[in-house]
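Here the structure comes first, spelled out in C-alpha cells, and everything after it is commentary.
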Amino acid sequence: MKLGVKMIVVLTSIALLSGLFLSYTYKSTEQDIKRNKEREKERAIKVVIPETDSFKERVIDAKNSLLTSYDKNGHIVGYAILTEGTGFQGPIKLMVGFDTTLSKIKGLEILENVETPGLGNRITENWFKEQFRGRLAPVGYVKGKKPQDPHKIQAISGATISSRSVVKIVNQTWELLKKELNR
C-alpha cells in the first residue's frame, strides 16, 4: 500500500472512532444534562420568587418560558420568565421574577453568560442582582452613583454594556410577560 493511502485509512479510522466516542458520550450524558438544567430552573425560581412551593411552566417560544409560581396553598405568588438575550460577548440566559401585579421585580438570577471575566461577568455578583429586587418596572440604570429612582439600578463600572444588556433583557421580559398575561 502506498504511504498516501495508509495515511488516509489511518486518519479516517481515527475520525470515525472519535465521532463514535463523542456520540456515545453525548448520548450517555444527555439525561444527566436535562436533569441538571431542570434542577437549575427549580433553584432559580426559588431565588427570584422565594415564596415558591411549586410552579407551572409554559413555553412561549424558543428563547422564553413563562413560569407561574404558586405557594403551598396553591395561590399564585408571582410570575417568572426564563429568557435569553444578547450581552457584550454573547448570550445571557437569566430568570426574572415579578409580583402578581407585574409592577415590581421580585428577583433576578443569571443562569449563563460569556461576558468578560472580571468585568462584564460581574453581572453574576449578588450585589448587582440584588439591586433588581423590589425595583419598579421598567428598569433603567445610572453610572457611578447610587440610584435614587425606584426604577433604576447602578451599572457596573467598566462594564456598562453588560449592565445595559441585563436591563434591556429585563425590560423586554416585562413587556413579553404583560403581553402573555394580557395586561
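A few notes on this one:
- A Förster radius of 25 Å combined with the Cβ-Cβ distance from Thr25 to Ser65 puts the calculated FRET efficiency at roughly 0.35.
- For Thr116, the residues whose amide H sits under 5 Å from its own are Gln89, Asn121, ignoring neighbours fewer than 5 places away on the same chain, with H placed 1.01 Å from N.
- Phi-derived couplings, Karplus 6.51 cos²θ - 1.76 cosθ + 1.60 at θ = phi - 60°, listed residue by residue for region 147-153: x, 9, 7, x, 9, 10, 10 Hz, with x used for Gly and Pro.
- Axis angle, to the nearest 10 degrees, between helix 3-48 and the longest C-alpha principal axis of the chain: 20 degrees.
- The residues neighbouring Arg164, those whose beta-carbon lies less than 14 Å from its own, together hold a net charge of +3 under the Lys/Arg +1, Asp/Glu -1 convention.
- Each Lys or Arg adds one and each Asp or Glu subtracts one; over the other residues with Cβ under 12 Å from the Cβ of Asp32, this totals +3.
- Neighbour cut-off at most 14 other Cβ (10 Å), DSSP loop, trypsin sites (Lys or Arg not before Pro), region 12-99: Lys63, Lys72
- Computed E for Glu51/Ser157 - FRET, C-beta separation, R0 35 angstrom, nearest 0.05: 0.55
- Once the chain from Ile33 to Gln172 is taken as fully extended at 0.36 nm per residue, the excess over their C-alpha distance is 47.2 nm.
- The relative contact order of region 47-180, computed from alpha carbon pairs under 8 Å that lie at least 6 residues apart in sequence, is 19 percent.
- The simple spin-label model puts a point 7 Å past each Cα toward its Cβ; for Lys6 and Ile76 those points are separated by 7.3 nm.
- Note on Leu102 and Lys146: their simple-model spin labels are 3.3 nm apart, each label 7 Å out from Cα toward Cβ.
- Net charge of Cβ neighbours under 11 Å - reference Phe132; Lys, Arg +1; Asp, Glu -1: +4
- Region 146-183 versus region 68-143: alpha-carbon centroid distance in Å: 8
Each reported figure results from applying straightforward, stated rules to the coordinates on display, with no laboratory input. Small disclaimer: the values here were computed from a predicted structure and weren't measured. With ideal geometry, Cβ positions are generated from the backbone for all residues, glycine too; neighbour counts draw on all protein chains shown.
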